[in-house]
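Okay, structure first, notes after.
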Amino acid sequence: MVSLDDAVVARIDRHGQRFEILVDPQGVQHWKEDSDGVDILTLLAVEEVWTSAREAERVSEDDLEKAFDTTELATIVEHILAKGSIQLTTQQRREMTEQKRKRLITAIVEAAVDPKTGLPHPAIRVEQALEEAKYLIDPFKSDHLLYQEAIKVLRPVIPLSFEECKMAVKVPHHAYGPASRLLRGITQQEEWTSDGSWVAVIEIPRARREAILGRLAKISPDVESRDL
């Protein structure tokens, strides 16, 4: 549970009345990303709903029932967070937006290539394109939704291709552990060869090809690869 000093106000207006709760802004951000993985009541600094959190004026149960058709706190909190607004400080909004921006740019660089060169756009070019497109990042939107929106607005600004790349990589026995951990989740097939090497068939966005091969080369310079 967040402290009162670190909490911010989330509010919604319904039926001519204001309803406010005190929440953890970072926790709300995580909840927006994965609502099933967060106990919504742990986001609260105080398990109360207020007409004015600043004045500590509590809402009556009758008013809660009238506005939300329930007095169950978790349901009310979910409604306020989903439909209401979060009152961040300027510094909090700047920091949370910058975190989202960095993750968004990384996701685009790792997924898309310039169809003219077959290589990823540099991160600085993606950042400039987002600025050219005047795309504003909402710190409380999920990474997935931001990615979908950004790709849509970027297409008229820079060429993007989302080709998949299928490769076979052959890893010496002594490098199996770190290599298999690196390729976990993208390995489609695997087998051991007669010389003790591990062979994995992987499929990844073409934009990640060179990065993956570079990391494998650091694990072992004897790794071999072949496009399929």
What distance in nm lies between label points placed 7 Å from Cα along the C-beta direction at Lys166 and Val46? 6.1
Using all alpha carbons of the chain, what is the percent of pairwise distances in each 10 Å bin, ordered from the shortest bin to the longest? 7, 24, 21, 20, 16, 9, 3, 0
Among Lys66/Lys134; Lys134/Lys218; Lys102/Lys166; Lys32/Lys134, which pairs are too far apart, with a Cα-Cα distance over 32 Å? Lys66/Lys134; Lys134/Lys218
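Can you tell me, using C-alpha contacts under 8 Å and at least 6 residues apart, the relative contact order of segment 1-155 as a whole percent?
On the way: 188 pairs, mean separation 34.7, N = 155.
Once normalised by length, the contact order is 22 percent.
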For Gln87 and Ala74, calculate 0.36 nm times their separation in residues minus their Cα-Cα distance, and state this gained length in nm to one decimal. 2.7 nm
Quick check: Cα centre of segment 34-52 to Cα centre of segment 113-158, how many Å? 33
How far is the Cα center of segment 55-91 from the Cα center of segment 171-200, in Å? 52
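Dividing the alpha-carbon radius of gyration of segment 114-228 by 2.2 N^0.38 Å (N being the number of residues), what value is obtained?
Details: Rg = 17.7 Å, N = 115, 2.2 N^0.38 = 13.4 Å.
My calculation over the Cα atoms of segment 114-228 gives 1.33.
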Residue-normalised 222 nm signal for the chain, counting each DSSP H run of n ≥ 4 as -39,500 (n - 2.57), nearest 500 deg cm²/dmol, is -12000 deg cm²/dmol
Per-residue HN-Hα couplings for segment 182-191 [Karplus 6.51, -1.76, 1.60; θ = phi - 60°; Hz; x = Gly/Pro]: 4, 8, 4, x, 10, 7, 9, 9, 8, 7
Residues whose modelled amide H sits under 5 Å from the amide H of Ser52, counting only those 5 or more places away in sequence or on another chain, are Glu57
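Using only Cα atoms, what is the ratio of the radius of gyration of segment 177-225 to 2.2 N^0.38 Å?
Working: Rg = 10.7 Å, N = 49, 2.2 N^0.38 = 9.7 Å.
Normalised by 2.2 N^0.38 Å, the Cα Rg of segment 177-225 equals 1.11.
Every number here is computed from the coordinates shown, using simple stated rules; none is lab data. Quick caveat, the model's predicted, so the values are computed rather than measured. Neighbour counts are summed over all protein chains in view; Cβ atoms, including those assigned to glycine, are modelled from backbone coordinates with ideal geometry.
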